Every structure is written in C-alpha cells, then in structure tokens.
Amino acid sequence: MNTSTLSDHVTIEPSILYFGTPVVLLTTENEDGSVNLAPMSSAWALGRTVVLGLGREGQTARNLGSRPDLVISLPGPGQWRAVERLAPLTGRHPVPPTKAHGCRYEPDKFTASGLRPEPSHLVRPPRVAECPLQLEARAEHVRLDVSGDHLIVETRVHKVHADPRLLVPGSHHVDPAAWSPLIYNFRHYFGLGPELGHSYRTRTPRDAGAAEAV
Ligand SMILES: Cc1cc2nc3c(=O)[nH]c(=O)nc-3n(C[C@H](O)[C@H](O)[C@H](O)COP(=O)(O)O)c2cc1C
C-alpha cells in the first residue's frame, strides 16, 4: 500500500463524540397524562428494534422507566429550526442541576416548538405530524450504560407511518432518494448530500451510474 498520501493523525480529547446520526423526536407520557417531546440523536435500528441513549436525569428517561409507550418521529432537514427550539427545554420540574446551562422547564413543548401532535394508533403518546416517518414503539429493556449517566433503552417498533411521497410507488419501500434524515453532526445540523451508490442488498436500486460510482 502506498502510504505517502495518508495524513498523519493526531490524538485528541474531544468533549463530545457526536459523529453524525439522525435526529429523532421522542414523545412520551408524563405522570399526569400530559405529553413530553424531546429531540435526541443517539438512536439506531436493528430490524424492528430501535436502541436509544438517554441522559438518565431527563423527563423522557423518567417517563420510559414507568410508562413504556413512545413514538419515535423522524424529522427531515426542513424541521431543524423546530428541533433547535426544543433543545434548551426539559419536561422535568424542577430542572435537574446536571442539565446544561440555560436549560429551562417547559410543560408544553409542542406549542413551544411550533410542531403539531397527531394521534397514534397503538400507543398513547402522539406522533409529530410534520415528521415524514413516525414509529410507534414500546420500551422493552431499560438499563444504565457503563458510565452510569445514561440509560440504554431498547424499544420495539409496532407500527410505521410514512409520508406516501417517500415511498417507491406500489411498495412498502422507503425511496432513499426521497427521504433525507436530519443529521446531528458534532452539534451542527446537516441534510444528506447526493447519493454515492447503494448496497448489494438494496431492494430499491436506482440507475446504474450511481452504483458504478461506488
Ligand atoms: C439534536 C439534539 C440531539 C440530542 N441528542 C440527545 C441524545 O441522544 N440523548 C440525550 O439524552 N439527549 C439528547 N439531546 C438533549 C435532550 O434533548 C435534552 O437533554 C432535553 O432537555 C431532554 O428533554 P427531557 O428532559 O424533557 O426529556 C439532544 C438534543 C438535541 C437538540
């Protein structure tokens, strides 16, 4: 291998390791039956399981510990400002001292964000109407992570709602060219760039030119 073009890496001590994952909005049910809405980006899917990483002091973590129903709504890049309006808010009162400086209590985060609730089919918390993909789910396993600061929540998805404009016509496949997640990349928001190619396992292949570009 020719190593002359490789850069010399340096070791660093970054304060965060948010290397670019999709933003999701979680709706959960508070003790009094009202709704909490919170953005997060430590989420990934494996089959019908979606794993979430949540600060243990937040209202969302508290809710999922005792009321497991939730909706995982996925905003697109156009919703980033609404997501950021939620960023300094918590549904927990009083605000825990571990929350970031400037964080304040907000009992009605839908109104505060300008987003609209839409009733779910199977679970009590509502979906976020503006989000093109919405997953009704239930938390099945909740445990502390190795640091003790976060909860790792394994959820099972029971119903998937999609904006029909995202679908390959006549199928249940999300068209990857139509859907763009909102990416949280070291605390900055991005959409997707153009397609580079596709996996050999895709069921929604596009033109051969894109595949050749891999
Ligand atoms: C884009 C974005 C991504 C975030 N990702 C996470 C995350 O992955 N896990 C987490 O615990 N908090 C995350 N947060 C912070 C929570 O949204 C924040 O702590 C909020 O106060 C939680 O609300 P709650 O206390 O009502 O649950 C994120 C915030 C933003 C704006």
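Quick one: in the range 90-109, of everything that is out of contact with any Asp or Glu (no Cβ under 6 Å at 6 or more places or on another chain) and among the β-branched types (Val, Ile, Thr), which residue is farthest from the ligand (Cβ to nearest atom)?
To start, the set of residues in the range 90-109 that are out of contact with any Asp or Glu (no Cβ under 6 Å at 6 or more places or on another chain) comprises 90-95, 97, 99-109.
Then drop every residue that is not among the β-branched types (Val, Ile, Thr), which leaves 90, 95.
On the way: 90: 3, 95: 9 Å.
If we take residues in the range 90-109 being out of contact with any Asp or Glu (no Cβ under 6 Å at 6 or more places or on another chain) and among the β-branched types (Val, Ile, Thr), then 95 is farthest from the ligand (Cβ to nearest atom).
Starting from residues that are polar (S, T, N, Q) and in contact with a Leu (Cβ under 9 Å, 6 or more places away or on another chain), keep the ones in the range 23-40 and report whichever is nearest to the ligand (Cβ to nearest atom). Before the answer, list the steps.
Step one: of the range 23-40, the residues polar (S, T, N, Q) are 27-28, 30, 34, 36.
Retained after the next criterion (residues that are in contact with a Leu (Cβ under 9 Å, 6 or more places away or on another chain)): 27-28, 36.
Numbers: 27: 10, 28: 8, 36: 5 Å.
Here the residue is 36.
Do we have residue 78 as crowded, with 18+ Cβ neighbours inside 10 Å and either modelled with pLDDT of 95 or more or within 11 Å of the ligand (Cβ to nearest atom) (or both) here? I'd like the intermediate steps shown before the answer.
Numbers: crowded, with 18+ Cβ neighbours inside 10 Å: no; either modelled with pLDDT of 95 or more or within 11 Å of the ligand (Cβ to nearest atom) (or both): yes.
Criteria not met by residue 78.
For the range 53-74, state whether one or more residues are at pLDDT 95 or above, in contact with a Phe, Trp or Tyr (Cβ under 8 Å, 6 or more places away or on another chain) and either away from the ligand (no atom under 11 Å from the Cβ) or not acidic (Asp, Glu) (or both).
Within the range 53-74, none of the residues are at pLDDT 95 or above, in contact with a Phe, Trp or Tyr (Cβ under 8 Å, 6 or more places away or on another chain) and either away from the ligand (no atom under 11 Å from the Cβ) or not acidic (Asp, Glu) (or both).
Can you tell me which residue among 87, 112 is more than 25 Å from residue 44 (Cβ to Cβ), in contact with a strand residue (DSSP E or B) (Cβ under 7 Å, 6 or more places away or on another chain) and within 12 Å of the ligand (Cβ to nearest atom)? Spell out how you get there, then give the answer.
Values: 87 fails: more than 25 Å from residue 44 (Cβ to Cβ).
Criteria check complete, one pass: 112.
Could you identify the single residue in 101, 93, 198 that is in a loop (DSSP other than H, G, I, E, B), open to solvent by 60 Å² or more (accessible area, probe 1.4 Å) and either among the aliphatic types (A, V, I, L, M) or closer than 22 Å to residue 81 by Cα (or both)? Talk me through it step by step, then tell me what you get.
Numbers: 93 fails: either among the aliphatic types (A, V, I, L, M) or closer than 22 Å to residue 81 by Cα (or both); 198 fails: either among the aliphatic types (A, V, I, L, M) or closer than 22 Å to residue 81 by Cα (or both).
Going through 101, 93, 198 in turn, the sole match is 101.
Inside the range 56-76, can you point out the residues that are closer than 20 Å to residue 115 by Cα and without any contact (Cβ under 8 Å) to a residue 60 or more places away in the chain?
Answer for the range 56-76, where residues must be closer than 20 Å to residue 115 by Cα and without any contact (Cβ under 8 Å) to a residue 60 or more places away in the chain: 59, 60.
The values are calculated or read from the model by the stated rules, or taken from the named source; none is laboratory data. On a predicted model such as this, the values are computed, not experimentally measured, just so you know. With ideal geometry, Cβ positions are generated from the backbone for all residues, glycine too; neighbour counts draw on all protein chains shown. Heavy atoms of the whole protein, side chains included, go into the accessibility calculation; ligands, DNA and RNA do not. Shrake-Rupley method; radii C 1.70, N 1.55, O 1.52, S 1.80 Å.
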